[in-house]
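Please read the structure below before turning to the comments.
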């Protein structure tokens, strides 16, 4: 925060305090506590150094918090007592001593004058004068007179009332120590001391009526009035809310403007060098702190967490030198080095130091999509609206690869594991090791072997009998990904015989084709509507023949719509042995109880 920003902040803070003060009127003495479980402190009491003395407390009712946050009351002769409880209705305060021995400190204390007096629940023996005697162990007297905290095994100490000790004290075996005046009878054996106060008397009446008391009109002439703390609460709340709202927007505007300036400066800095940075292997070791924190491992390499600066983190993929011929490295650098899209992972740099190769990506803290759609832990489910946003983001990223670049980029490995999520769970497509570049007007690409991950590979990639390999192959993979987002995993009904197991996309199609209501399988009708839209779009994308699949531009339009006008696609699972829908087939909310169907060859 710079100087001008600090001045704005300070001025707004003072303004906020001022209008809060207006909202509270002259009741500017809020209830406080030294610690959370401590007694509530309000008028007539006052916390020193935390509340103004001119109107927050009655004279003589000062308390303070010690370094351990105990609430402390100072009695005459500087005896410090810890406050345990305050009863404002009965005007009673309960205190204790630090070593639980008030008799050791009570000598010389006289509480017969305001503001506090001793309180004795035994009305018959209200306040008495006592003599304290040091006796021998053999003294024959009533044990109830013993003062445990002053006594030892060799020198028991007894307290005898002034009107009784003449008859009760064994004169020959005891020596008088001193006398105390006007103390309650239970002070000698209790760790607690009960005190009462009488002024201002009106406060007790206020409390008993459910109200609070304070100085009248902020005066210091001891005129007390009762007031209802709820009376102005609504007005105060409106004023404070308005102030906070105004404060937030002014401060937010200033902060946003600073962020916009920083964003523009960063863009201009990045614009100087759109291509990724080339690092040496020594740089890679330094960035990753000697490969200290491993994030994951795949067939082509291991990913480590790295740091370019105190604020910029990266993910560094060290490629396996014994795997492949370098094609994956060339694909990644050649394609990702020119890609700049919000839904595609950014390649920050690369390393080609002899046989050592590495790729440096932006770091995305929420890992990959498969952790959130295939987990048995229901707490990891992101919610249907967020899943819909993720699906739309992925679609826009693929559309950009197909139509937004100088050359058409076919990914060939779209799957949940290759969809990374940033801090706000925005999706970014990653892993371009299998990608191919071709002209935008090129309708087909030649391939010498199938590429991709089993379960997501389009039929035409395996066999040209289904059609030509093209950008429609990515759309098939995206359709499978959508259906997995709907199902949570490849589901199977545990109540169905093994020979009748049904692949989850086919199960979804059968439900929709028979016009069954998806709300049966979801807890919320809104969730069912989103799930149905994602399912229909996914089923359009996994049509066997590429010509029957929509373009990604059309897919984006379908996902952006409400889904009410979507029509069912042809059945991609048509066969002579169609499995009927089982109404008990579980949906996502029960997927933690399901098993994974093995992939078919």
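Points to keep in mind about this one:
- When the test is whether a residue is out of contact with any helix residue (DSSP H, G or I) (no Cβ under 6 Å at 6 or more places or on another chain) and either at pLDDT below 85 or surrounded by 22 or more Cβ atoms within 10 Å (Cβ to Cβ) (or both), residue 340 passes it.
- Residue match in the range 416-432 (condition: closer than 22 Å to residue 545 by Cα and either at pLDDT below 90 or in contact with a helix residue (DSSP H, G or I) (Cβ under 8 Å, 6 or more places away or on another chain) (or both)): no
- Residue in the range 447-463 that is within 20 Å of residue 557 (Cβ to Cβ) and touching a helix residue (DSSP H, G or I) at 6+ places or on another chain (Cβ under 9 Å) present: no
- Look at (1) in contact (Cβ under 8 Å) with a residue 40 or more places away in the chain; (2) surrounded by 12 or more Cβ atoms within 10 Å (Cβ to Cβ) and you find that residue 454 fails only one, number (2).
- Condition check for residue 434: surrounded by fewer than 21 Cβ atoms within 10 Å (Cβ to Cβ) and assigned to a loop (DSSP other than H, G, I, E, B): yes
- Filter pass, residue 294 being at pLDDT 85 or above and under 16 Å from residue 435 (Cβ atoms): no
- Search result, residues across the range 457-466 that are free of Cβ contacts under 8 Å to residues at least 60 places away in the same chain and surrounded by 15 or more Cβ atoms within 10 Å (Cβ to Cβ): 457, 461
- The requirement of being under 22 Å from residue 416 (Cβ atoms), at pLDDT below 90 and in contact with a helix residue (DSSP H, G or I) (Cβ under 7 Å, 6 or more places away or on another chain) is satisfied by residue 347.
- Residue match in the range 181-201 (condition: at pLDDT 80 or above, farther than 20 Å from residue 97 by Cα and either assigned by TED's automatic domain parsing to the domain that holds residue 84 or surrounded by fewer than 18 Cβ atoms within 10 Å (Cβ to Cβ) (or both)): no
- Filter pass, residue 110 being more than 15 Å from residue 198 (Cα to Cα), modelled with pLDDT under 85 and touching a strand residue (DSSP E or B) at 6+ places or on another chain (Cβ under 8 Å): yes
- Residue count for the range 544-566, restricted to those that are within 16 Å of residue 483 (Cβ to Cβ) and outside any helix (DSSP H, G or I): 5.
- Failed item, numbered, when residue 474 is tested on (1) touching a residue at least 60 places away in the same chain (Cβ under 8 Å); (2) closer than 25 Å to residue 313 by Cβ: (2)
- Looking only at residues of the range 60-81 that are outside any helix (DSSP H, G or I) and at pLDDT below 80, we find that the one that is nearest to residue 214 (Cα to Cα) is 75.
The values are calculated or read from the model by the stated rules, or taken from the named source; none is laboratory data. Model, not experiment: these values are computed from the prediction. Quick reminder, even Gly has a Cβ in these numbers, built from the backbone with ideal geometry, and neighbours come from all protein chains shown.
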